[in-house]
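Structure first, commentary second.
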Amino acid sequence: MDLLQRFTHGEIDAFETLVRQFQGDIYAWIVRIVRDRGTAEDLTVETLWRVYRARHRFCPDGNFGAWARRIATNLAIDHLRRSRPEQSFPTEPAGAPQPDPLVQRETRERIQLAFRRLPAKLQVAATLALVEELPYDEIASALGTSVGAVKLRVFRAVRILRKRLSQAGITPE
Amino acid sequence: MKEHEDKYMTEHNDREMRDALKQSIPPVNTELRRDLWPDVLRELDARQVGVPWYDWVLVGLSAMMFLAFPRLVLVFAYHL
């Protein structure tokens, strides 16, 4: 019996092997969306727990990574819905490139705030497409939707952002 | 021609917004720094749904009662 079949039968050893194999990918995906290391770790653990709970629904011939990523995406979207948009994104302590000095701090904070106030689904699509510059088909697969729908979400996110920033007197250069 | 212009403007606007967002939203380190398996195992143990002991006692008593008085099954079936 192969690893995925053993997993669907509830064998904990098989699940442990899958966790060790995929935890890095799941974490990397979630942290790109929520932009916070601690939250991403918590959501990764929650994702893996839900993966184990839903093991009976997984087809052993399927793509485990893509399935887990979709569960992770849904959890990350739920987190964004619950989290308060007043908080700014935490900054990385080291290794992060310095932002363009022409973009002033206040402007950056306003852009961040406007971005965090986007509806969660639009925010996720815009983060992955515009900030992380991931391929649209990869984003569509994780969101369980079509490439066209992702493009539409990004378009709507940009339109809302542009409108809100324009109201605040900010024009992206 | 109009379609081409619209497409150019949309791409231009997207590029502007992408640049603004990339400058405003700090990059994140996507590398996982610790093994999360112990945390997952803890969650599995904590959320293990077990049948409480008193439910087993209730099932046992019911089984004994039905064995001792088989006609009670009909009474129960009638009231269900």
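Every read-out reported here was derived from the displayed coordinates using simple, explicitly stated rules and does not represent laboratory data. Keep in mind it's a predicted model, so treat the numbers as computed, not measured. Reconstructed Cβ throughout: ideal geometry from the backbone, glycine too, with neighbour counts over all protein chains shown.
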Length-normalised contact order for region A:105-167 - Cα pairs under 8 Å, 6+ apart - percent: 39 percent
Output needed: percent of Cα pairs per 5 Å distance bin for region A:105-167, bins running from 0 to the one holding the longest distance. 4, 20, 30, 22, 13, 8, 3, 0
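Once you average over the residues of A:121-131, how many Cβ atoms of partner chains fall within 10 Å of each Cβ?
Details: counts 0, 0, 0, 0, 0, 5, 2, 0, 2, 9, 8.
Average neighbour count from other chains, rounded to a whole number: 2.
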So what's the back-of-envelope 222 nm ellipticity for chain A, counting only DSSP H runs of four-plus at -39500 (n - 2.57) apiece and dividing by all residues, rounded to 500? -21000 deg cm²/dmol
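Please give the contour-minus-distance gain from residue A:134 to residue A:82: 0.36 nm per residue of separation, less the Cα-Cα distance, rounded to one decimal in nm.
Working: separation 52, 0.36 × 52 = 18.72 nm, distance 2.48 nm.
Value of the extension gain: 16.2 nm.
Can you compute the FRET efficiency between residue A:5 and residue A:156 using 1/(1 + (r/R0)^6), with r the Cβ-Cβ distance and R0 = 25 Å? Round to the nearest 0.05.
Working: r = 42 Å, r/R0 = 1.67.
After rounding to 0.05, the efficiency reads 0.05.
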Tell me the angle of helix A:37-53 to the major Cα principal axis of chain A, expressed in degrees between 0 and 90 and rounded to the nearest ten. 30 degrees
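Kindly state, to the nearest 0.05, the FRET efficiency for residue B:30 paired with residue B:56, given R0 = 41 Å and r defined as their beta-carbon distance. Intermediate results must be reported in sequence, preceding the final value.
On the way: r = 47 Å, r/R0 = 1.16.
Efficiency computed from Cβ-Cβ geometry: 0.30.
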Give me the net charge for the shell around residue A:7: Cβ to Cβ below 15 angstrom, other residues only, Lys and Arg +1, Asp and Glu -1. +1
The residues A:163, B:22, sorted from fewest to most surrounding Cβ atoms within 10 Å, come out as A:163, B:22
